[in-house]
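None of the figures in this text is laboratory data; all of them are computed from the coordinates on show. The shown structure was predicted, so the numbers you read here are calculated from the model rather than taken from an experiment. Neighbour counts are summed over all protein chains in view; Cβ atoms, including those assigned to glycine, are modelled from backbone coordinates with ideal geometry.
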């Protein structure tokens, strides 16, 4: 029986985000590590590899495909109430010990992930775009693993998805390069970025560099992408008040219109050095975000326990425009153009008329190419 590595290597194609460096070595441009990959070797992500002087990247399969609310990504200002068809492959350029998608992200790094090879399904960009139509999805999202390291595959799917009228987005750790952002931008509408901490020492332990993520937030926003930022709040790791102020002030300095989601941690994978995040922890972080000048601050993963922090409020008159409970929209009062029905203030985001768009069937689907 083929190993997971052999299986994944069989689902590969020549990488576009690559630069020849002589003697068969290739520089990968897909993420901030910029790995120099020599023949027979692999990048940090393990799924981009050099075969005979050619950089290969994942292609032609999905390890996860799910139609569910866009709020689950979470996106709160990108077609609220819409169904998002989310696809994912395997691998990541980080090794977060608290990862909640570790079975997908740590493939080829953790032997416990070997069995996920059984979930791989052959697919084409067209079959996935067609699946969006079958599930009446309005958004197609690359997630579950790190989308940047499979950017060429994501772009190939986004092209036909956009032709069918869908918006497109990725859910990323933000360890991007200018090259991968430029490559994805013509095919992309939104980007959800994890801001895991505001200390570089913390990022180094996770396998990243803080400045790369900060630069990505700024560059993505400057490029015209719709950007939302998530911080998984982990008591004792990244919930220091000064650190939260640093995060909130940085985001507000880029744009006060960036929605900041502070979400609750629960022990998972290899990290059990913290208690679960409580509602009071989220409220403290949200208060800091609002005091720093952010106009849209949300608390997640504790539905019904964080009061109006699940809701979208008009930043001017503070009336509730979208009322939520978990991933469900209970009330939608925004005008078609995103304006407040009380004072006329235009809320930042990508909007559309919700009538007939909410409450559709969001069942899992399986695609075979």
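Only bridges whose two residues both fall in segment 142-295 count here: according to DSSP, what percent of them are antiparallel, nearest 5? It would help to have the intermediate numbers written out before the result.
Details: 1 of 16 bridges.
Counting DSSP beta bridges with both partners in segment 142-295, the antiparallel share is about 5 percent.
What fraction, in whole percent, of alpha-carbon pairs in segment 4-58 exceed 13 Å separation? Roughly 50 percent, once rounded to a whole number.
Based on Cα contacts under 8 Å between residues 6+ apart, segment 4-58 shows a relative contact order of 33 percent.
List 204, 295 from most exposed to least, where exposure is judged by having the fewest other Cβ atoms within 10 Å.
On the way: 204 11, 295 20.
Placing the least packed residue first, the sequence is 204, 295.
Normalising the average separation of contacting C-alpha pairs (under 8 angstrom, six or more residues apart) by the number of residues puts the relative contact order of the chain at 15 percent. Spin-label model, residue 342 to residue 41: label points 7 Å out along the Cα-to-beta-carbon direction sit 5.9 nm apart. The alpha carbon gyration tensor of segment 169-267 gives principal lengths a ≥ b ≥ c with a/c of 1.5 or higher and a/b greater than b/c, which makes the shape prolate. Extending 7 Å from Cα along the Cβ direction at residue 159 and again at residue 272 yields two label points whose distance is 4.8 nm. Taking the DSSP bridge list for the chain and keeping only pairs wholly inside it, about 50 percent are antiparallel. Given the choices (1) 24.9, 93; (2) 20.1, 65; (3) 21.5, 67, Rg and Dmax of the Cα atoms in Å derived from the coordinates of this structure is entry (2). Specify the angular offset, from 0 to 90 degrees and rounded to the nearest 10, of the alpha carbon long axis of helix 125-134 from the longest principal axis of the alpha carbons in the chain. It works out to around 30 degrees.
Can you work out the FRET efficiency for the pair residue 23 and residue 211, with r the C-beta to C-beta distance and R0 = 30 Å, to the nearest 0.05?
About 0.50, to the nearest 0.05.
With the highest mean first, a sort of the peptides 83-96, 302-315 on other beta-carbon atoms found within 10 angstrom per residue produces 83-96, 302-315.
Would you calculate, for the chain, the mean residue ellipticity at 222 nm contributed by helices, counting each DSSP H stretch of 4 or more residues as -39,500 (n - 2.57) and dividing by all residues, to the nearest 500? It lands at -7000 deg cm²/dmol. The mean sequence distance of close C-alpha pairs (under 8 Å, at least 6 residues apart), as a share of the length of segment 176-328, puts its relative contact order at 18 percent.
Annotation for segment 83-137 versus segment 281-360: alpha-carbon center distance of 29 Å. If you average the alpha carbon positions of segment 203-225 and of segment 1-50, how far apart do those two centres end up, in angstrom? Each part reduced to its Cα centre gives a spacing of 22 Å. The long axis of helix 151-163 is offset from the longest Cα principal axis of the chain by roughly 60 degrees.
Take 158-169, 341-352 and order them by the average number of nearby Cβ atoms within 10 Å per residue, most first; the result is 158-169, 341-352.
Note on segment 41-97: Cα convex hull, mean projected area over all directions, 5.7 nm².
Give the average over all directions of the projected area of the C-alpha convex hull of segment 107-153, one decimal, in nm².
Approximately 4.2 nm², given one-decimal rounding.
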